[in-house]
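Throughout, read-outs are computed from the coordinates displayed, never taken from laboratory work. This one's a predicted model, so the numbers in the text were calculated from it and none came from an experiment. Cβ sites come from the backbone with ideal geometry, for glycine too, and all protein chains shown count toward neighbours.
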């Protein structure tokens, strides 16, 4: 069974966490939600609650097959946490799939892994993505090696499927 | 391409509409959201917005392959609308898949189609379901012919997959 780590904090984009999470669970996989504090409920941008069950500081990335980074304004806070950046760097170094959407790109920028990579994001952070050395495309889905990115919740159907396919491809 | 109708009104359960909607769109299908008024934004129980693009009064069920009825407290209002009951009755008479979850069972009760059928719902309306002549099971997913039912948002991964499978089976 595959194990996927998701990050969460207050003002996460509700569907950008929940749609991929439920979609991965449809495959029979386990999704762990890591936050600055576990056993606390975090509020989505629109108010949907999400209980975290893992402390970010204690994450061992070797325990997981892939990483989900939802958007909203949670990334603005999460990118300041050195453990978040370590987690992203370790998933990337291991070439494990990292799916990120909307404002989640901020976290990858601060992790310093976007230089020379191709990705997308909400147009709101397009300039930040480009200034980080990323080739930015205005497309619903961009896949560059282990990096899977989309723009907004409207793109979730293709985003979720691409993430599932990338995790399945690990066994091919 | 398959066309699926969903019902919405204020206080709908956010994920019970959005997870199946996005999951059906992943298949390349079109989901139309019908409400008492179209071109209005409805608020989920937790605050997620959903814009309707179809008036319930004008729905022609022959245009659709399947029906999604999300829960929350929207069903309490929707069950009072004779057009909602007509829509449910017509989908059922045509043996087209009807996926309903949580409090959505109230609408099927008022449509008078549950007598002798097997289904589930939130435990909150279990008595109403049984009093309507339904055999009620406490299971994550119950399928009885064209009726697909689940209990709560936790069941959404199996609920979504079963709904997709039922729609695909129409072509078998």
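See the values below:
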{"quantity": "Subset of the range B:47-67 that is within 10 Å of chain A (Cβ to nearest Cβ) and out of contact with any strand residue (DSSP E or B) (no Cβ under 7 Å at 6 or more places or on another chain) - its residue that is surrounded by the most Cβ atoms within 10 Å (Cβ to Cβ)", "calculated": "B:48"}
{"quantity": "Test: residue B:86 is closer than 27 Å to residue B:145 by Cβ, in a loop (DSSP other than H, G, I, E, B), without any contact (Cβ under 8 Å) to a residue 60 or more places away in the chain and away from chain A (no Cβ under 14 Å)", "calculated": "no"}
{"quantity": "Members of the range A:18-46 found to be in contact with a strand residue (DSSP E or B) (Cβ under 9 Å, 6 or more places away or on another chain), assigned to a loop (DSSP other than H, G, I, E, B) and within 10 Å of another protein chain (Cβ to nearest Cβ), listed by number", "calculated": "A:29, A:45, A:46"}
{"quantity": "In the range B:30-42, the residues that are surrounded by fewer than 18 Cβ atoms within 10 Å (Cβ to Cβ) and either without any contact (Cβ under 8 Å) to a residue 12 or more places away in the chain or under 25 Å from residue A:159 (Cα atoms) (or both)", "calculated": "B:30, B:32, B:41"}
{"quantity": "Hey, residue A:15 without any contact (Cβ under 8 Å) to a residue 24 or more places away in the chain, part of a helix (DSSP H, G or I) and within 11 Å of chain B (Cβ to nearest Cβ) or not", "calculated": "no"}
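Here is a yes/no grid of residues against (1) touching a helix residue (DSSP H, G or I) at 6+ places or on another chain (Cβ under 7 Å); (2) within 13 Å of residue B:67 (Cβ to Cβ); (3) outside any loop (DSSP other than H, G, I, E, B):
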{"position": "B:96", "(1), (2), (3)": "no, yes, no"}
{"position": "B:108", "(1), (2), (3)": "yes, yes, yes"}
{"position": "B:121", "(1), (2), (3)": "yes, no, no"}
{"position": "B:126", "(1), (2), (3)": "no, no, yes"}
{"position": "B:148", "(1), (2), (3)": "yes, yes, yes"}
{"position": "B:163", "(1), (2), (3)": "yes, yes, yes"}
{"position": "B:172", "(1), (2), (3)": "no, no, no"}
